[in-house]
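Visitor: Take this structure first; my questions come after.
The values are calculated or read from the model by the stated rules, or taken from the named source; none is laboratory data. Since we're looking at a predicted model, the values are computed, not measured. Glycine also receives a Cβ, built like all others from the backbone with ideal geometry; neighbour counts cover every protein chain displayed. Please note that ligands, DNA and RNA were not included when accessible areas were found on the heavy atoms of the full protein model with its side chains. Shrake-Rupley method; radii C 1.70, N 1.55, O 1.52, S 1.80 Å.
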Amino acid sequence: MKKIGILTSGGDCSGMNATIRAAVRTALRLDIDMVGFRKGYTGLLKGDCIPLDTRAASGILHRGGTFLQSARCAEFRTPEGQRQALDNLQRLGVDGLVVLGGDGSLTGALSLHRLGFPVVGIPASIDNDIPFTDMALGVDTALNNIIYAVDCIKDTASSHERAFVIEVMGRNSGYLASVAAIASGAECAIIPERTFDLDEMCRQLHLRFEQGRDNAIIILAEGAGNAQEIANRIKDTIGFEIRVTVLGHYQRGGAPTVFDRLLASRLGKRAVELLAGGTHGVMVGLACNAIIATPLEDVIKGEKRPQDEMLRLAEVLGM
Ligand code: ADP
Ligand code: F6P
């Protein structure tokens, strides 16, 4: 293998830059050239790439986002788009590709693999909804961002005897919400994975108000409802005055945590080593603190295992 390409696709997350850096350094040690495609699959379709040497990939380890930029590219979903991408890869002399992104981006990687092109995927999405990896890149940083925000909100909530509904991202996954609720000591977590009794929640919150507690925090996963609607429904029954905060894209940015920097470095290195050694059509992930490779076919048809343990923990802790 002489030249490897890398791209970041779908929703960005912290740790993408650190992954690119590790991939570039690993490739150079193996005497392989590296190029970065800009704006995800859009760059592949346009043949828009830049050479990546140690210099180009330095000073980025600690930066959130992705300096290659990311995009959602509808055209790449079509067979014509994928053919065009393949032609460009061949024209540019690229022999292998590393794709960072969520389940959509990894589905795109699988389509290239099915066309016979060597590709390795890296799970990168704050949603943590990708199977065959305990953690995707960016999840830990997003959780730390959320916890910082919830702690801040709790301060002001306590000063005014207020309840807050705090909406977090996650698409259809309640992972961020349930872990954030546990780690911030929230009163409730509303997530898509379990049915929720709103009346019972209101009774518990009212009891808390009558006991003289000065705040209440409800963490809502975006896939489980709308924060303002829930606040409107419960505002007259809980005693506390209520406010809403939608954390939004704040969650996705910022300097990656140590966990994400290390995960990024391990995944970036392994992805390039696999391609160089002739293994492809796989996603690298983290299982029991080891880096493992799973066929993309299995990843895409798989389902993220249910968060039974997390849900039980939340229940035991009173959420
Ligand atoms: P994420 O990767 O974060 O889940 P998306 O679902 O938006 O984000 O996917 C990112 C990009 O991956 C899409 O814009 C598209 O270019 C590509 N993609 C998504 N689904 C497919 C698919 N079924 N086939 C081919 N490419 C896909
Ligand atoms: O998949 C990551 C994610 O941040 C989801 O949690 C969220 O629903 C979505 O992307 C937001 O997408 P966009 O950045 O296009 O608004």
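Visitor: Amide H to amide H, which residues 5 or more places from Ile242 or on other chains are under 5 Å from it, using H placed in the peptide plane?
Guide: Ala163
Visitor: For Glu241 and Leu207, what is the calculated FRET efficiency with R₀ set at 22 Å and r taken between the beta-carbons, to the nearest 0.05? All intermediate terms of the calculation are to be shown ahead of the outcome.
Guide: Values: r = 17 Å, r/R0 = 0.76.
Computed FRET efficiency for Glu241 and Leu207: 0.85.
Visitor: At 1.4 Å probe size, put Asp129, Asp197 in order of accessible surface, largest to smallest. Before the final figure, lay out the partial values.
Guide: Values: Asp129 40, Asp197 85 Å².
Largest accessible area first, the list is Asp197, Asp129.
Visitor: Which of Ala314, Gly278, Pro123 sits closest to the plus end of the dipole of the chain, meaning its Cα is farthest towards the positive end, when Lys and Arg get +1 and Asp and Glu get -1 on the C-beta?
Guide: Among Ala314, Gly278, Pro123, the one farthest towards the positive end of the dipole of the chain is Gly278.
Visitor: Here's a follow-up. Where the accessible area of the range 146-284 is counted over protein heavy atoms with a 1.4 Å probe, how much of it, in %, is carbon and sulfur? Walk me through the numbers before you get to the answer.
Guide: Values: 3010 of 6240 Å².
Here carbon and sulfur together make up 48 percent of the probe-accessible area.
Visitor: Which whole-Hz ³J(HN,Hα) couplings does the range 92-100 yield from phi under the Karplus relation 6.51 cos²θ - 1.76 cosθ + 1.60, θ = phi - 60°, glycine and proline marked x?
Guide: With the stated coefficients, the range 92-100 comes to 7, x, 8, 9, x, 9, 9, 10, 9 Hz.
Visitor: A further question on this structure: How would the range 261-319 be classified by its alpha-carbon gyration tensor: rounded, prolate or oblate, with rounded meaning a/c under 1.5 and the a/b versus b/c comparison settling the rest?
Guide: On the way: a/c = 4.55, a/b = 2.02, b/c = 2.25.
Oblate, because a/c is 1.5 or more while a/b does not exceed b/c.
Visitor: Once phi is turned into ³J(HN,Hα) by the Karplus curve 6.51 cos²θ - 1.76 cosθ + 1.60 with θ = phi - 60°, what whole-Hz value does each residue of the range 239-253 show in order, with x for glycine and proline?
Guide: Couplings: x, 5, 5, 10, 9, 10, 10, 9, 6, x, 6, 3, 5, 7, x Hz.
Visitor: With the dipole of the chain worked out from charges on the C-beta (+1 for Lys and Arg, -1 for Asp and Glu) around the Cα centre, which of Ser265, Phe132, Val94 lies farthest toward the positive end?
Guide: Val94
Visitor: Would you kindly state how much longer the chain becomes between Arg77 and Ala287 on full extension, computed as 0.36 nm times their sequence separation minus their alpha carbon distance, in nm to one decimal? Don't skip to the answer; put the middle values down first.
Guide: Numbers: separation 210, 0.36 × 210 = 75.60 nm, distance 2.97 nm.
Result: 72.6 nm gained on full extension.
Visitor: For the chain, report the accessible area per residue in Å² (1.4 Å probe, heavy atoms, rounded to an integer). Kindly include the intermediate steps, with their values, before the conclusion.
Guide: Numbers: 14070 Å² over 319 residues.
Counting only protein heavy atoms, the per-residue value for the chain is 44 Å².
Visitor: Extension gain Glu315-Ser158, at 0.36 nm per residue separation less the Cα-Cα distance, in nm? Provide the component values of the computation, followed by the final result.
Guide: On the way: separation 157, 0.36 × 157 = 56.52 nm, distance 2.38 nm.
Stretched out fully, the Glu315 to Ser158 stretch lengthens by 54.1 nm.
Visitor: Considering only the chain, what is the antiparallel percent among its DSSP beta bridges, to the nearest 5?
Guide: Working: 9 of 42 bridges.
Beta bridges within the chain, antiparallel portion: roughly 20 percent.
Visitor: Right, something else. What number, rounded to the nearest 500 deg cm²/dmol, is the helix-based mean residue ellipticity at 222 nm of the chain, given -39500 (n - 2.57) per DSSP H run of at least four residues and division by all its residues? Don't skip to the end; give the middle numbers.
Guide: Details: 11 runs with 132 residues, N = 319.
Roughly -13000 deg cm²/dmol at 222 nm, from the helical runs in the chain.
Visitor: Taking amide H positions as placed 1.01 Å from N in the peptide plane, with prolines and chain starts having none, which residues 5 or more places from Leu52, or on another chain, fall under 5 Å of its amide H?
Guide: Under 5 Å from the amide H of Leu52: Met34, Val35, Gly36.
Visitor: Shape call for the range 38-81 from the C-alpha gyration tensor, a ≥ b ≥ c root eigenvalues: rounded (a/c under 1.5), prolate (a/b greater than b/c) or oblate?
Guide: Numbers: a/c = 4.84, a/b = 2.02, b/c = 2.40.
In terms of gyration-tensor shape, oblate.
Visitor: By how many nm would the segment from Tyr250 to Asp214 grow when fully extended, if each residue of separation counts as 0.36 nm and the alpha-carbon distance is taken off?
Guide: In short, 10.3 nm is gained.
Visitor: Can you tell me the mean projection area, over all orientations, of the convex hull of the range 141-252's alpha carbons? Units nm², please. Don't skip to the end; give the middle numbers.
Guide: Working: hull surface 24.1 nm².
Averaging across all directions leaves 6.0 nm² for the Cα convex hull.
Visitor: Of Lys39/Lys269; Lys3/Lys304; Lys154/Lys304, which sit over 30 Å apart, Cα to Cα? Write down the numbers at each step before the final one.
Guide: Numbers: Lys39/Lys269 22 Å; Lys3/Lys304 33 Å; Lys154/Lys304 32 Å.
Result: Lys3/Lys304; Lys154/Lys304 exceed 30 Å.
Visitor: Separate question: How far is the Cα center of the range 1-80 from the Cα center of the range 186-219, in Å?
Guide: Result: 43 Å between the Cα centres.
Visitor: Over the chain, how many percent of alpha carbon pairs lie in each 10 Å bin up to the one with the longest distance?
Guide: Calculated P(r), rounded to whole percents: 6, 27, 29, 18, 12, 6, 1, 0.
Visitor: While we're on this one: Using Cα springs under 10 Å in a Gaussian network model of the chain, which residue among Thr237, Thr42, Thr257 shows the largest mean-square fluctuation?
Guide: Thr237
Visitor: Something else about it: Can you tell me the order of 85-98, 243-256 when each peptide is scored by its average per-residue count of other Cβ atoms within 10 angstrom, highest first? Write out the running numbers ahead of the final one.
Guide: Numbers: 85-98: 18.7, 243-256: 17.1.
So the peptides 85-98, 243-256, ranked by packing, come out 85-98, 243-256.
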